[in-house]
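The values are calculated or read from the model by the stated rules, or taken from the named source; none is laboratory data. Remember, it's a predicted structure, so these values are computed and weren't measured experimentally. Backbone-built Cβ (ideal geometry, glycine too); neighbour counts: all protein chains shown.
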Amino acid sequence: MKTHKLAKLYRVESGKNFHLKDFDPADTEHGFSDEKCTAALPDCVSRTAELQEMLYAQDRWALLLIFQAMDAAGKDGSIKHVMSGVNPQGCQVYSFKTPSHVELQHDFLWRTNACLPERGHIGIFNRSYYEEVLVVRVHPEILKGQNTPPSLVSKDIWQERFQDIRSFERHMARSGTVIRKFFLNVSKAEQKRRFLNRLDHPGKNWKFSAADIHERKYWHAYQSAYEDMIRNTATEHAPWHVVPADDKRFMRLVISAVVVDALESLNLAYPKVNAATRRELQAAKKVLLAEK
């Protein structure tokens, strides 16, 4: 299937020489028109559901999907459409907002640890521990409210956090959690268009916040932070996918292709029934058939 190529097209597994400017937010080439995207996505969604059932039955691996993006890039809609066919029993979505008082009393990875997917499950982080090298970096004053000992808040703090994240993700990968990370790469012009759309349609007003406009002033600072984040945390076992997000249909197809590719790489299969269990099943069948 041609979508398999999409899974690797925007993949970054080494930050060396990575530059965000090399990735076009409006890229929709590669033979996928709107019509083809619309037609191909249901196949990917269906395949994801099949693979998730085997993942759950096998109970060996876990899959963690991390979504990061600027506001209005399409995180919520992508999660909704791409994961629409999966069994909710084997999939959990967590959205990480501003840290609570309790969360701030711990290290920056603490609040996400309890939400990591168990074996056989898919976990989805809508924003994540990466906020601590994005919004906190763009707004360094936030560090003052995190109760971190001042002596530990040095000029090297971002590199130290990158190191901690790399070590954490390597540990998770070695423990059986497959990690795929998505940066939904929306352009500033497209973000403006989507903000105006939310303001012009009463049914979408609830999606808009005055804070969105405030953060838009820091666009270039965020782009720089995202570039440095990907450059320092893209690895073979926890790659980033810099997905063009100006076209939502193409974006969702790319994400879905990555999910399918990740699950298929695990060679999933239903557990085999041994001879003793098979005899028990046959005995149970006889009991049921004998019922009047």
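Things worth noting here:
- Among residues of the stretch 88-101 that are small (Gly, Ala, Ser), those with a beta-carbon under 6 Å from a residue that is surrounded by 13 or more Cβ atoms within 10 Å (Cβ to Cβ) at least six positions away or on a different chain give the pairs GLY90/GLN52; GLY90/TYR56; GLY90/HIS121; SER95/ASN126.
- Pair list, Cβ < 7 Å and 6+ apart or interchain, from the stretch 199-214 residues that are among the aromatic types (Phe, Trp, Tyr) to residues that are in a helix (DSSP H, G or I) and surrounded by 11 or more Cβ atoms within 10 Å (Cβ to Cβ): PHE208/PHE195; PHE208/ARG198; PHE208/LEU199
- The set of residues in the stretch 16-51 being in contact with a Leu (Cβ under 8 Å, 6 or more places away or on another chain) and of a type in the set (Phe, Trp, Tyr) consists of PHE32 alone.
- On inspection, ASP247 passes the criterion of being among the acidic types (Asp, Glu), surrounded by 18 or more Cβ atoms within 10 Å (Cβ to Cβ) and touching a residue at least 40 places away in the same chain (Cβ under 8 Å).
- Residue in the stretch 198-214 that is within 23 Å of LEU104 (Cα to Cα) and out of contact with any strand residue (DSSP E or B) (no Cβ under 6 Å at 6 or more places or on another chain) present: yes
- 3 or more residues of a type outside the set (A, V, I, L, M, F, W, C): qualifying strands (runs of 3 or more DSSP E) within the stretch 51-135: 91-95
- Scanning the stretch 168-193 for residues that are more than 21 Å from LEU55 (Cα to Cα), of a type in the set (S, T, N, Q) and within 16 Å of the chain's Cα centre (by Cα) gives a single hit, ASN185.
- Meets criteria (under 27 Å from PHE195 (Cβ atoms), of a type outside the set (Lys, Arg), surrounded by fewer than 16 Cβ atoms within 10 Å (Cβ to Cβ) and modelled with pLDDT of 95 or more) for SER128: no
- Count of residues meeting criterion [surrounded by 15 or more Cβ atoms within 10 Å (Cβ to Cβ) and within 17 Å of TRP61 (Cα to Cα)] in the stretch 85-123: 11
- Selection count where residues are in contact with a Lys or Arg (Cβ under 9 Å, 6 or more places away or on another chain), small (Gly, Ala, Ser) and surrounded by fewer than 22 Cβ atoms within 10 Å (Cβ to Cβ), scope the stretch 250-272: 1
- ALA225 being small (Gly, Ala, Ser), surrounded by fewer than 19 Cβ atoms within 10 Å (Cβ to Cβ), touching a residue at least 12 places away in the same chain (Cβ under 8 Å) and touching a helix residue (DSSP H, G or I) at 6+ places or on another chain (Cβ under 9 Å): no
- Of the helices (runs of 4 or more DSSP H) lying entirely inside the stretch 138-222, those carrying at least 2 residues that are modelled with pLDDT of 90 or more and closer than 30 Å to HIS237 by Cα are 157-174.
- Checking each residue of the stretch 133-155 against the condition of being touching a Lys or Arg at 6+ places or on another chain (Cβ under 6 Å) and either free of Cβ contacts under 8 Å to residues at least 24 places away in the same chain or crowded, with 18+ Cβ neighbours inside 10 Å (or both) gives at least one match.
- Selection within the stretch 25-50: residues that are in a loop (DSSP other than H, G, I, E, B) and among the acidic types (Asp, Glu). The member of this set that is farthest from THR177 (Cα to Cα) is GLU29.
- Qualifying residue in the stretch 273-285 (condition: outside any helix (DSSP H, G or I), among the hydroxyl-bearing types (Ser, Thr, Tyr) and out of contact with any strand residue (DSSP E or B) (no Cβ under 9 Å at 6 or more places or on another chain)): no
- Exactly one residue out of GLN191, GLN159 is more than 19 Å from ILE255 (Cβ to Cβ) and in contact (Cβ under 8 Å) with a residue 60 or more places away in the chain: that is GLN159.
- In the condition set (1) under 30 Å from SER46 (Cβ atoms); (2) at pLDDT 95 or above; (3) in a loop (DSSP other than H, G, I, E, B), THR235 is compliant with all but (1).
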